[in-house]
Protein chains: 2
Amino acid sequence: MSDVIDVADPADPRLDDFRDLNSIDRRPDLPTGKGLVIAEGVLVVQRMLASRFVPRAMMGTDRRLTELRDDLSSAAAPYYRVTADVMAEVVGFHLNRGVLAAASRPGELTVAEVIDNARTVAVLEGVNDHENLGSIFRNAAGLGVDAVVFGTGCADPLYRRAVRVSMGHALLVPYAWAQSWPADLDLLRDRGFRLLAMTPAATSRTLADAMHDVADDPVAFLVGAEGAGLTERTMRAADVRVRIPMSRGTDSLNVATAAALAFYERVRFVE
Amino acid sequence: MSDVIDVADPADPRLDDFRDLNSIDRRPDLPTGKGLVIAEGVLVVQRMLASRFVPRAMMGTDRRLTELRDDLSSAAAPYYRVTADVMAEVVGFHLNRGVLAAASRPGELTVAEVIDNARTVAVLEGVNDHENLGSIFRNAAGLGVDAVVFGTGCADPLYRRAVRVSMGHALLVPYAWAQSWPADLDLLRDRGFRLLAMTPAATSRTLADAMHDVADDPVAFLVGAEGAGLTERTMRAADVRVRIPMSRGTDSLNVATAAALAFYERVRFVE
């Protein structure tokens, strides 16, 4: 059970993990960044406690402590109990979620590890927007995706905004960074994955038809950045090009929405 | 064809429609608000020009003027040609989209008008987030939804952020505000619409099954706010309760994403 420690002084160094919240989740190689992973709010803190990201400290109000009591029974990190005012002074702005947890970054998983036993994987290239990234993790968790693989140009899924938008699922859905791109797609292909490149191109197969074709195989959905889409090189490395049928006069959907539709269509075949 | 008028002085009153951009799209009943509808960027300005929202002024760089030349051939509003620096000074911040158009608000459409001839309608209750609202319009446009109806508690779809996130589709997909809620659902029912309430409740029908049942009928998807969902009263007014099958351990999807999945499933049956 977490020790509950009352702290009244916002300058108390034990709260340093939460000080100036807008900079502490930056990567450790950046000047102001500690590279901590931050969970905000009861639900996301609960998900962090269930993840491989082990909190080293928590700070929150008494009310949130009550809500988290059961989840903290097997937690080792201290819970610094503070008022909302102290909290605001420490983090640098008013934060109405009322509780934060901070974890150090554990070692990264490998692509081989996260795709092992996976049936459906999302592979992202150039998805550099934290909100889209967070949404993709939320959609992945809700719609049966087993793992996420990052090619080049993707944003950090552990950035605070991404974790928050993902509702904590960025901490739970296993992900790994490709070491060589797009060559690492061969790791997927060697394990029998069919590589489906998402594109608005009218000449590609519809999502429903493509899913039907690969119903018995493990599937990797390759998804590119909003606007730019997948690079031509990555597109060529895929087995099939897949599109979502769109109404006339429209161009494309948001990248996280397009991914959600792909995941949803896939779920029909892997119950 | 729009008159092109060079303006070098940021204080020129002809640019007033774009001054202090963070307040001018507020509703006219607010102290700082003119209630203008603002389109940002070439794509959204093009969509405004194709919509019932007739621009009364445009302001942009020479480069954007070149890109818009064809679209402006039948436009009556003047194009105030400015430098990026003048533009930044007028709007109050750096705006990298390079062109803006401003339209007065035309009269609102009625529910009866927008559902006439519609086969698929989205009905929103309590969707008070501009980004979600914009995303719903983008998804509606891309995935074959004919109109949007607003119940109580929804945000203004003409707010600048909503228009931007919608990629301009908030100006093109017809919408109307219910005059009496949820009583106005009867307008839909009287025209043969089946009313499907979206909910995470495990006892409801799956989206795919529900869509199959109503394939031949006009359909209205009732969607509630993120978190709270539809009110119980609105839920009772629906014909069917519908859920998206979710993975274990997850609770719900973002409201715009859930709507996109519903629209996508519907498209199968209304080609």
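The values are calculated or read from the model by the stated rules, or taken from the named source; none is laboratory data. These numbers come from a predicted model, not from an experiment. As a convention, Cβ positions derive from the backbone with ideal geometry for all residues, glycine included, and neighbour counts pool all protein chains shown. The accessibility values were calculated without ligands, DNA or RNA, using every heavy atom of the protein model including side chains. Shrake-Rupley method; radii C 1.70, N 1.55, O 1.52, S 1.80 Å.
So A:SER23 fits all but one of (1) small (Gly, Ala, Ser); (2) at pLDDT 95 or above; (3) loosely packed, with under 15 Cβ neighbours inside 10 Å; what number is the exception?
(2)
Considering every residue within the stretch A:112-133, establish whether at least one is over 15 Å from the mean Cα position of the chain (by Cα), away from chain B (no Cβ under 14 Å) and open to solvent by less than 20 Å² (accessible area, probe 1.4 Å).
yes
Look at A:VAL91 and say whether it is within 14 Å of chain B (Cβ to nearest Cβ) and of a type outside the set (Phe, Trp, Tyr). Even if it seems obvious, please write down each step before you answer.
Working: within 14 Å of chain B (Cβ to nearest Cβ): no; of a type outside the set (Phe, Trp, Tyr): yes.
When the stated conditions are applied, A:VAL91 does not pass them.
Do any residues in the stretch B:248-271 that are facing another protein chain (nearest Cβ under 7 Å) have Cβ atoms under 7 Å from those of residues that are outside any helix (DSSP H, G or I) and open to solvent by less than 10 Å² (accessible area, probe 1.4 Å), where the two are at least six apart or on different chains, and which pairs are they?
Within 7 Å, the pairs are B:ALA260/B:LEU143; B:TYR264/B:LEU143; B:VAL267/B:LEU143.
Please tell me if A:LEU196 is out of contact with any Ser or Thr (no Cβ under 8 Å at 6 or more places or on another chain), part of a loop (DSSP other than H, G, I, E, B), open to solvent by less than 20 Å² (accessible area, probe 1.4 Å) and more than 14 Å from every other protein chain (Cβ to nearest Cβ). Full working, then the answer.
On the way: out of contact with any Ser or Thr (no Cβ under 8 Å at 6 or more places or on another chain): yes; part of a loop (DSSP other than H, G, I, E, B): no; open to solvent by less than 20 Å² (accessible area, probe 1.4 Å): yes; more than 14 Å from every other protein chain (Cβ to nearest Cβ): yes.
Judged against the criteria, A:LEU196 is not a match.
Out of the stretch A:219-271, which residues are in a helix (DSSP H, G or I) and either buried (at least 24 other Cβ atoms within 10 Å of the Cβ) or under 18 Å from the mean Cα position of the chain (by Cα) (or both)?
A:VAL255, A:ALA256, A:THR257, A:ALA258, A:ALA259, A:ALA260, A:LEU261, A:ALA262, A:PHE263, A:TYR264
Every residue in the stretch B:54-64 that is in a helix (DSSP H, G or I) and under 14 Å from B:VAL44 (Cα atoms), please.
At the first step, the residues of the stretch B:54-64 found to be in a helix (DSSP H, G or I) are B:62-64.
Once the filter is applied, which keeps residues that are in a helix (DSSP H, G or I) and under 14 Å from B:VAL44 (Cα atoms), the stretch B:54-64 yields only B:ARG64.
Out of all the residues in the stretch B:151-165, which are in contact with an Asp or Glu (Cβ under 6 Å, 6 or more places away or on another chain) and assigned to a helix (DSSP H, G or I)?
Passing the criteria: B:ARG160, B:ARG164, B:VAL165.
For the stretch B:138-152, give me the residue count where each residue is open to solvent by less than 10 Å² (accessible area, probe 1.4 Å) and among the small types (Gly, Ala, Ser).
Of the residues in that region, 4 qualify.
So A:MET167 passes all but one of these: (1) buried (at least 21 other Cβ atoms within 10 Å of the Cβ); (2) farther than 20 Å from B:MET246 by Cα. Which condition number does it fail?
The one condition A:MET167 does not meet is (2).
Is it the case that A:ASP186 is open to solvent by 40 Å² or more (accessible area, probe 1.4 Å), within 14 Å of chain B (Cβ to nearest Cβ) and not hydrophobic (A, V, I, L, M, F, W, C)?
Values: open to solvent by 40 Å² or more (accessible area, probe 1.4 Å): yes; within 14 Å of chain B (Cβ to nearest Cβ): no; not hydrophobic (A, V, I, L, M, F, W, C): yes.
Considered against the rule, which asks whether it is open to solvent by 40 Å² or more (accessible area, probe 1.4 Å), within 14 Å of chain B (Cβ to nearest Cβ) and not hydrophobic (A, V, I, L, M, F, W, C), A:ASP186 comes out as no.
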